[in-house]
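Reviewing the structure listed below.
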Amino acid sequence: MKIKKNDTVQILLGKDRGKNGKVLRVSTKENKVWVEGLNMYKRHVKKVGQTEGGIIGISKPLNISNVALVCPHCKKPARVGFQVEGDIKVRVCKKCKEAIK
Ligand SMILES: [Zn+2]
């Protein structure tokens, strides 16, 4: 998996195309990522008991192929390769060759 929780990604498709955000959650099974504050949709919620009704924003997951990892070194959407350091597989930005931790 190239994208992990807390990574910064850029959205490649849809209404939030070109925007950056932080990854909140990754589902490797479904190949989906949830990005903070992006790909939101509004949902009307009914008043239930003590909970106030109204409109809330919910973050919809994005397909992992529709986001690009933003390299923390060159601050650009990067193509990611892998390098093996000892027993650990490290992600490497193909542009600046820096490891992405
Ligand atoms: Zn880079």
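The values are calculated or read from the model by the stated rules, or taken from the named source; none is laboratory data. Small disclaimer: the values here were computed from a predicted structure and weren't measured. Neighbour counts run over all protein chains shown; Cβ positions are idealised from the backbone, glycine included. The protein model used for the area step is the full one, side chains on, heavy atoms only, and it has no ligands, DNA or RNA in it. Shrake-Rupley method; radii C 1.70, N 1.55, O 1.52, S 1.80 Å.
Structure notes:
- Residue pairs whose Cβ atoms lie under 6 Å apart, sitting 6 or more positions apart in sequence or on different chains, and linking a residue in region 85-101 that is over 10 Å from CYS71 (Cβ atoms) and in contact (Cβ under 8 Å) with a residue 40 or more places away in the chain to a partner that is away from the ligand (no atom under 12 Å from the Cβ) and β-branched (Val, Ile, Thr), do not occur here.
- Count of residues meeting criterion [within 17 Å of the chain's Cα centre (by Cα) and more than 9 Å from the ligand (Cβ to nearest atom)] in region 71-101: 5
- Among (1) over 23 Å from ALA99 (Cα atoms); (2) open to solvent by less than 50 Å² (accessible area, probe 1.4 Å) - the single one VAL9 does not satisfy: (1)
- As for region 53-63, it holds at least one residue that is open to solvent by 40 Å² or more (accessible area, probe 1.4 Å) and closer than 27 Å to GLU98 by Cβ.
- Within region 24-50, the residues that satisfy the criterion of being open to solvent by less than 90 Å² (accessible area, probe 1.4 Å) and free of Cβ contacts under 8 Å to residues at least 24 places away in the same chain are GLY37, MET40, TYR41, VAL45, GLY49.
- For beta carbons closer than 8 Å, sequence separation of 6+ or different chains, a first residue in region 53-82 that is free of Cβ contacts under 8 Å to residues at least 60 places away in the same chain and more than 13 Å from ASP7 (Cα to Cα) and a second that is within 11 Å of the ligand (Cβ to nearest atom) and not in a strand (DSSP E or B), the qualifying pairs are CYS74/LYS95; CYS74/CYS96; CYS74/GLU98; ARG79/LYS94; ARG79/LYS95; GLY81/LYS94.
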